[in-house]
1. Considering each residue of the range 133-151, count those that are more than 9 Å from the ligand (Cβ to nearest atom) and aliphatic (A, V, I, L, M), and give that number.
2. Out of the residues in the range 85-108 meeting the condition of being under 13 Å from the mean Cα position of the chain (by Cα) and of a type in the set (A, V, I, L, M), tell me which one is farthest from the ligand (Cβ to nearest atom).
3. Within the range 213-235, does at least one residue satisfy the condition of being in a loop (DSSP other than H, G, I, E, B), surrounded by 12 or more Cβ atoms within 10 Å (Cβ to Cβ), of a type in the set (Gly, Ala, Ser) and free of Cβ contacts under 8 Å to residues at least 60 places away in the same chain?
4. Residues in the range 111-120: is at least one touching a residue at least 40 places away in the same chain (Cβ under 8 Å) and not aromatic (Phe, Trp, Tyr)?
5. Please determine, by comparing only the residues of the range 252-280 that are assigned to a loop (DSSP other than H, G, I, E, B) and under 24 Å from the mean Cα position of the chain (by Cα), which one is modelled with the highest pLDDT.
6. Residues LYS25, LYS41: which one is more than 16 Å from the ligand (Cβ to nearest atom) and within 29 Å of ARG96 (Cα to Cα)?
7. Give, as residue ranges, the strands (runs of 3 or more DSSP E) completely inside the range 37-129 that count at least 2 residues that are touching a strand residue (DSSP E or B) at 6+ places or on another chain (Cβ under 7 Å), crowded, with 21+ Cβ neighbours inside 10 Å and not β-branched (Val, Ile, Thr).
8. If you take the residues in the range 44-77 that are among the polar types (S, T, N, Q) and closer than 17 Å to LEU138 by Cα, which one is modelled with the highest pLDDT?
Amino acid sequence: MLSKRDKLFLAAEALGSLVCPVCRKPLARSGDDLVCTGTAKKHRLNVNHKGCLNVLSQQADSCYDAALFDARRRVFSSGCYNAVADAIEALLPTGRNRILDAGCGDGWYLNALLTRHHDWCGAGADISRDAILRATDLPCTALWLVADLRRLPFADSSFTAVLDVLTPASYDEFRRVLAPGGLLIKVYPGCGYLQELRAARGMAPYEEGQVDAYLREKATIVGEKRVTVTHAVSDELWRDFVWMTPLMQDLSAEEKDAIAAKPAETVTVDLHVAACCLEV
Ligand SMILES: C[S@@+](CC[C@H](N)C(=O)[O-])C[C@H]1O[C@@H](n2cnc3c(N)ncnc32)[C@H](O)[C@@H]1O
């Protein structure tokens, strides 16, 4: 069986488009490191035994912690987001995709796609090390990296699709790394998204409009699906939803547990999935 480190090198080779975060020259394997080629100064990045490449010069603060990603993994495993992965897949370009999941979190969507399509290749980037360490446990062979989606270590035109799922976008950077004809798949909340959790916190339903308007200003939408499903949830799954959502991140553990102790019977997943062209 391949080690996590070998899987990362395999994915990096398949993509063939990693560049040095310092000098932007191509990177090539040298032992357990990636080293930039073509310059006198050899910048060196280590790929650790957990199969994670970190290209950040300093650790970024993230409001997403290990407990959130553990709860997220259990929620994804429950199947509540399967219809979202199906909608993303249906909107992707046809052919052998090269996918970047920007702000991939624990990597669930990229893994779902790469395990369905063994001839595709992909990378998942997130600013949170906790997220990427969970992603490297997944079965697919992908290039998992701790990186800022506003400055991606990839050559121009590297990907046929960029996924941006419930994550801040950097439209100029996404445009740069997308190949001609490539698509941005943007997933953003509809008004019913997690309405039961919002109500449990005393929040009004999500107000739609702002993300949608900004997206339409920056991109041309060429395909759209809306996924709206209300799931019956067990008390344990309700607790995981409470712990997995950034909606609760400003609460203490005791406050989250208090909301978890009063479970609702259902949770609604209501998301827009838009396929967008960023070419000017
Ligand atoms: C709500 S989570 C969504 C994660 C994943 N896309 C999913 O749907 O499960 C938002 C993610 O964006 C990441 N993120 C936020 N700003 C980022 C940045 N500048 N660069 C890379 N990742 C970022 C966070 O660390 C977090 O994992």
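The values are calculated or read from the model by the stated rules, or taken from the named source; none is laboratory data. Because the structure is predicted, anything quoted here is derived from the model rather than measured. We place every Cβ from the backbone using ideal geometry, glycine too, and count neighbours over all the protein chains shown.
1. Of the residues in the range 133-151, 6 are more than 9 Å from the ligand (Cβ to nearest atom) and aliphatic (A, V, I, L, M).
2. Ranking the candidates gives ILE99 first.
3. Checked the range 213-235: at least one residue is in a loop (DSSP other than H, G, I, E, B), surrounded by 12 or more Cβ atoms within 10 Å (Cβ to Cβ), of a type in the set (Gly, Ala, Ser) and free of Cβ contacts under 8 Å to residues at least 60 places away in the same chain.
4. No; the residues of the range 111-120 include none that is touching a residue at least 40 places away in the same chain (Cβ under 8 Å) and not aromatic (Phe, Trp, Tyr).
5. To start, the set of residues in the range 252-280 that are assigned to a loop (DSSP other than H, G, I, E, B) comprises 252, 261-265, 278-280.
With under 24 Å from the mean Cα position of the chain (by Cα) added as a condition, the list becomes 278-279.
Numbers: LEU278: 97, GLU279: 87.
Within the range 252-280, the match that is modelled with the highest pLDDT is LEU278.
6. Only one candidate qualifies: LYS25.
7. On the way: elements: 44-46, 98-102, 121-126.
Ranges flagged: 98-102, 121-126.
8. For the range 44-77, the residue satisfying everything is SER77.
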